[in-house]
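The values are calculated or read from the model by the stated rules, or taken from the named source; none is laboratory data. Keep in mind that this is a model prediction, so the values were computed, not measured. So basically every Cβ, Gly included, is an ideal-geometry build from the backbone, and we count neighbours across all protein chains shown. Just so you know, the surface numbers come from the protein's heavy atoms only, side chains and all, with ligands and any DNA or RNA stripped out. Shrake-Rupley method; radii C 1.70, N 1.55, O 1.52, S 1.80 Å.
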Amino acid sequence: MRPVLLMKVFVTRRIPPEGRAALARAADCEVEQWDSDEPIPVEELERGVAGAHGLLCLLSDRVDKRILDAAGANLKVISTLSVGVDHLALDEIKKRGIRVGYTPDVLTDTTAELAVSLLLTTCRRLPEAIEEVKNGGWTSWKPLWLCGYGLTQSTVGIVGLGRIGQAIARRLKPFGVQRFLYTGRQPRPEEAAEFQAEFVSTPELAAQSDFIIVACSLTPATKGLCNKDFFQKMKETAVFVNISRGDVVNQDDLYQALASGQIAAAGLDVTTPEPLPTNHPLLTLKNCVILPHIGSATHRTRNTMSMLAANNLLAGLRGEPMPSELML
């Protein structure tokens, strides 16, 4: 009897248990994993991917021409444990006929919850308040001490009314938001109808919004979208939140806007780079709340993502339809 030729799969990090178990059950695959919670060094990635038929990677793994060359001609499928794909050299991947799987939809609700949490944390100055309790700054009740900004009767602007943008608006509506604005590549009247959201230009959204939430994809058109001109148009009382990608924001311009009082506050779940160096100027500001990219960080969502990533990979290797394939 002829021995079965196993397909080599390389996994760039420890992944949640459900996805790991799905790969372990695949009798037609030989799985090798970088056994760490920390990012794989490029040299180790080149070694691990050599000769692989499938690659399961994370958004922190840059899969460029160098990695694709190291993989060689066997590579059939790349499955990323993320909805974002800006870490993948898509033109080069398409040229080589490699299929790509990703994990949209399953993290929509979790990321929207985090966006609302971050907005409330920032606009109500919760980190400052917690610190005052700890350091003895809480001496008595004071009428104007630690006052922030509330959502009732406010105008909320959403940059990118996609799945996550809609889920954010859906959660904010019960807070008594008076008006929703949105901007993007084109109007989305059917999706906007649920919130009576108005499609406006980016400068109009910046000027009219009390709260701005960035939830768009990173594209050449959105890279650096939120810059000095954008922040100059915002109200002095406005709060800015970014849960999309760090490169959508010019962080130097954001720092100047916050430090000068041009805008009231900012909350970021994404930065450039990630992790943000501990000596970064933004970390010196009380009116800037920064989280370590935890938008999808619930046990259920991360397990679901890992299962979808594993199933995408296995389907691609077997020449079957992927549950979530990025069409190149």
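Of the residues making up the stretch 245-266, one or more are within 21 Å of the chain's Cα centre (by Cα) and under 30 Å from Pro17 (Cβ atoms). Before we move on, is Ala26 in the same structural domain as Ile78 (by the TED database), touching a Gly at 6+ places or on another chain (Cβ under 7 Å) and of a type in the set (A, V, I, L, M)? For Ala26, the condition - in the same structural domain as Ile78 (by the TED database), touching a Gly at 6+ places or on another chain (Cβ under 7 Å) and of a type in the set (A, V, I, L, M) - is not met. Considering only the stretch 10-20, I want to know if a residue exists there that is free of Cβ contacts under 8 Å to residues at least 24 places away in the same chain, open to solvent by less than 80 Å² (accessible area, probe 1.4 Å) and not charged (D, E, K, R). No - not one qualifying residue is present in the stretch 10-20.
Might you let me know whether the stretch 241-256 holds any residue that is touching a Pro at 6+ places or on another chain (Cβ under 9 Å) and among the polar types (S, T, N, Q)?
Keep residues of the stretch 241-256 that are touching a Pro at 6+ places or on another chain (Cβ under 9 Å), which gives 246, 251-252, 255.
Then drop every residue that is not among the polar types (S, T, N, Q), which leaves 251.
Yes, the stretch 241-256 contains at least one residue that is touching a Pro at 6+ places or on another chain (Cβ under 9 Å) and among the polar types (S, T, N, Q).
Within the stretch 68-114, the set of residues being hydrophobic (A, V, I, L, M, F, W, C), over 27 Å from Thr272 (Cβ atoms) and out of contact with any strand residue (DSSP E or B) (no Cβ under 9 Å at 6 or more places or on another chain) comprises just one member, Ala73.
Taken over the stretch 102-129, residues that are aliphatic (A, V, I, L, M) and within 15 Å of Ile290 (Cβ to Cβ) amount to 5.
Tell me, which residue of the stretch 190-211 that is out of contact with any strand residue (DSSP E or B) (no Cβ under 8 Å at 6 or more places or on another chain) and exposed (fewer than 15 other Cβ atoms within 10 Å of the Cβ) is farthest from Thr108 (Cα to Cα)? Quick ask: steps written out before the conclusion?
Looking only at the stretch 190-211, we keep the residues that are out of contact with any strand residue (DSSP E or B) (no Cβ under 8 Å at 6 or more places or on another chain), and these are 190-191, 193-194, 203, 207.
Pick out the ones that are also exposed (fewer than 15 other Cβ atoms within 10 Å of the Cβ) and you get 190, 193-194, 203.
Numbers: Glu190: 19, Ala193: 19, Glu194: 17, Pro203: 27 Å.
Looking at the filtered set, the residue picked out is Pro203.
In the stretch 104-159, of all residues being hydroxyl-bearing (Ser, Thr, Tyr) and over 23 Å from Leu172 (Cα atoms), the one that is surrounded by the fewest Cβ atoms within 10 Å (Cβ to Cβ) corresponds to Ser140.
Count, please, the residues in the stretch 160-182 that happen to be in contact with an Asp or Glu (Cβ under 8 Å, 6 or more places away or on another chain) and surrounded by 15 or more Cβ atoms within 10 Å (Cβ to Cβ).
Initial filter on the stretch 160-182 (in contact with an Asp or Glu (Cβ under 8 Å, 6 or more places away or on another chain)): 161, 163, 166-167, 169-171, 179-182.
Subset that is surrounded by 15 or more Cβ atoms within 10 Å (Cβ to Cβ): 161, 163, 166-167, 169, 171, 179-182.
Of the residues in the stretch 160-182, 10 are in contact with an Asp or Glu (Cβ under 8 Å, 6 or more places away or on another chain) and surrounded by 15 or more Cβ atoms within 10 Å (Cβ to Cβ).
Are any residues in the stretch 10-33 out of contact with any Pro (no Cβ under 9 Å at 6 or more places or on another chain) and within 19 Å of Ser60 (Cβ to Cβ), and if so, which ones? Can you show your working first?
At the first step, the residues of the stretch 10-33 found to be out of contact with any Pro (no Cβ under 9 Å at 6 or more places or on another chain) are 10-11, 14-33.
Phe10, Val11, Arg14, Ile15, Pro16, Gly19, Arg20, Glu32, Gln33, listed by residue number.
With respect to (1) within 20 Å of Ala215 (Cα to Cα); (2) free of Cβ contacts under 8 Å to residues at least 24 places away in the same chain, the lone exception for Ala297 is condition (2).
Hey, does the stretch 172-192 have a residue that's of a type in the set (Gly, Ala, Ser) and more than 22 Å from Thr237 (Cβ to Cβ)? Lay out the reasoning, then the answer.
Start the filter on the stretch 172-192 by keeping residues that are of a type in the set (Gly, Ala, Ser), which leaves 176, 184, 192.
Then drop every residue that is not more than 22 Å from Thr237 (Cβ to Cβ), which leaves 184, 192.
Yes, the stretch 172-192 has at least one match.
Condition first: modelled with pLDDT under 95, in the same structural domain as Val239 (by the TED database) and not hydroxyl-bearing (Ser, Thr, Tyr). Can you find one or more residues in the stretch 190-213 that meet it? First the steps, then the outcome.
Start the filter on the stretch 190-213 by keeping residues that are modelled with pLDDT under 95, which leaves none.
No: zero hits.
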